Amino acid sequence: MPADLVVRGGFVVDASSGGRGGYADIVVEGGTISALTGPGQGGASRRFIDATGLTVLPGAIDAHVHFDEPGRADWEGWATGSLSAAAGGVTTVIDMPIDSDPPTVDPESVRAKVAAARAASLVDFALWGGLVPGNVDALGPLLASGVVGLKAFLCDSGWAEFPASGTEVLDQGMQAAARAGRPVAVHCEEPTLFGPGPGDRPVSSEVAAVARAGSAAAAHGARLHVVHCSSAEAVAEAGRWPNTTVETCPHYLMLTDEDVRRIGPDAVCSPPLRDRPAVERLWLALASGRIDTIASDHSPCPPEGKAGPTPFAGVSGVQTTLSLLLGSQKLSLAECNRLRTAAARLFGLPGKGTLAAGYDADLVLVDLNARWTVSAHTLHSRHGQSPFLGQSLPGVVRATLVRGRVVYEHDRPAADPAGRFLRPGLP
């Protein structure tokens, strides 16, 4: 019997390949990779995709996006957010609970977000559930609803309906997550150490908050995931605690506090960008293997949110992460793959992140020899924001497949929404 699909002749690079890679045909049956064979040996198929001259990468899992829907689709939304993801070689996203309305803090709001995503998302998706003072008595049902874990803030989140977690709430969240075998992702900034200015959030505040979260997790046998680490010092503090993983973002590796003055509000984020020596130390922490994954923390807002003396602290980046990492010339392609797919292992998403038989056919066909310019016209995010506007970056995504289905091709969506809700530990 002919296969459903054969992707012919691409140069296949996976994290498990050690960076060597090789030319191959990828055979797909029922949305799953059934075999990788030599080039031209894929056999008969109902459909072929010619990947000659292209590099085939595993679809990335971005574990930190804010797609804002339901309730705030004017900020981003699943249609534009997922198209941006697919254009950046991301085939699975894990959406944060804080920006949607209502926030994702109970089973009912999980169901609402799943419905919104299923109706509009081109890519597969999982969800974080919120840990806030008002839902500590219902964390069991929230965790049972299919979220990958809990997300807490140790400082003001910016949303009144998503208040910070004090010591007691953090402890209760750690206990519930430990019972369910799920992690707690924590925004680690200690507000008592903030300075008087709106962006005066020193590295010491990040380190102190990591220590606080690490202590709480250790006390209750929970797993801690420190999101968007901006400093090597915070990474080092995370390394002192058991069962703790670390995420950073491209903007902390590529930009400095001087860029905020040069670029303006599009580079305002939380934690803030650090100085050049701090960025260099963060790269060293990444090279040492102490950072587990890179996520975008894609967090756009309407243009008016970036105006005024205190612009919204968020960077749009789900589409640019791959090209930025390639352009850094500090990571091999295999290392990029490892950092961009590690979330499948960290958060229990089987079938994702690897190009091998038995895994979902989440494939990204990239022209590594081509470049593109970041602009409001080439970005698919609703508002075309980026601190990297005007930059020419390597790596043009020619096509993105989710479970063998082409969802993005030639700078446009190529399919109707069919994103699947992924529950941790379940295919």
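If you fit an axis through the alpha-carbon atoms of helix 78-87 and take the longest principal axis of the Cα set of the chain, what angle between them do you get, 0 to 90°, nearest 10? The helix 78-87 is inclined about 60 degrees to the chain. Under a Gaussian network description of the chain, with springs only between Cα atoms under 10 Å, the residue in Ser316, Ser296, Ser204 that fluctuates furthest is Ser204. Among the GluC sites (Glu not before Pro) in the range 246-318, none sits in a DSSP loop with a Cβ that has at most 13 other Cβ atoms within 10 Å. When you filter the trypsin sites (Lys or Arg not before Pro) in the range 1-79 for DSSP loop state and at most 11 other Cβ atoms inside 10 Å of their Cβ, you are left with Arg20, Arg46. Summary value for the range 345-427: 33 percent relative contact order, contacts being C-alpha pairs under 8 angstrom separated by 6+ residues.
Largest accessible area first, the listed residues Asp292, Asp50 line up as Asp50, Asp292 when surface is computed with a 1.4 Å probe on the assembled protein chains. Only beta bridges with both residues in the chain are counted; by DSSP, about 50 percent of them are antiparallel. For the set Val56, Val105, the ranking by accessible area, highest first and with no ligand, DNA or RNA atoms included, is Val105, Val56 under a 1.4 Å probe. Relative to the current alpha-carbon distance between Asp50 and Thr37, full extension at 0.36 nm per residue lengthens the span by 3.2 nm.
Helix 167-180 and the long axis of the chain differ in direction by around 30°, with both axes built from C-alpha atoms. Sites listed here are trypsin sites (Lys or Arg not before Pro) in the range 210-281 whose DSSP assignment is loop and whose Cβ has at most 14 other Cβ atoms within 10 Å: Arg240. Only bridges with both residues in the range 1-113 count here: give the DSSP antiparallel percent, nearest 5. Once the DSSP bridges in the range 1-113 are tallied, antiparallel ones form about 50 percent. Each part reduced to its alpha carbon centroid, the range 17-60 and the range 95-128 end up 32 Å apart.
Estimated at the nearest 10 Å², the accessible area of Arg412 is 110 Å² with a 1.4 Å probe.
Charging the Cβ of each Asp and Glu at -1 and of each Lys and Arg at +1, and nothing else, the dipole of the range 314-427 about its Cα centre rounds to 260 debye. Please identify, among Val260, Val210, Val402, the residue showing maximal mean-square fluctuation in a Gaussian network model of the chain using a 10 angstrom Cα cutoff. Greatest mean-square fluctuation among the candidates belongs to Val260. Here the chain is described by how far its Cα atoms reach on the three principal axes: 63, 46, 40 Å, from widest to narrowest.
For Lys151, a cut-off of 17 angstrom between C-alpha atoms picks up these lysines, skipping any fewer than 8 places away in its own chain: Lys113.
Charges were assigned to the Cβ only: +1 to each Lys and Arg, -1 to each Asp and Glu. The resulting dipole of the range 136-193 about its Cα centre is roughly 340 debye. Normalising the average separation of contacting C-alpha pairs (under 8 angstrom, six or more residues apart) by the number of residues puts the relative contact order of the range 1-84 at 30 percent.
A 1.4 Å probe, protein heavy atoms only, puts the accessible area of Arg420 near 80 Å².
For the pair the range 348-427 / the range 277-323, the C-alpha centres are spaced 18 Å from each other.
Taking every alpha-carbon pair under 8 Å whose residues sit at least 6 apart, the range 146-225 reaches a relative contact order of 35 percent.
Counted residue by residue at 0.36 nm each, then reduced by the alpha carbon distance between them, the extension gain from Asp275 to Ala219 reaches 16.8 nm.
Helical runs assigned H by DSSP (4 residues or longer) give the chain a calculated mean residue ellipticity at 222 nm of -8000 deg cm²/dmol, each run adding -39500 (n - 2.57) before division by the residue total.
Length gained on full extension, Ala119 to Ser204: 26.3 nm, using 0.36 nm per residue less the C-alpha separation. The distance between label points at Ala138 and Glu168 comes to 2.0 nm (points 7 Å beyond Cα on the Cα→Cβ vector).
The values are calculated or read from the model by the stated rules, or taken from the named source; none is laboratory data. Just so it is clear, the model here is predicted, and its values are computed rather than measured. All Cβ positions, even for glycine, are placed from backbone atoms using ideal geometry, and neighbour counts span all protein chains on display. Just the protein is used for accessible areas: all its heavy atoms, side chains included, with ligands, DNA and RNA removed. Shrake-Rupley method; radii C 1.70, N 1.55, O 1.52, S 1.80 Å.
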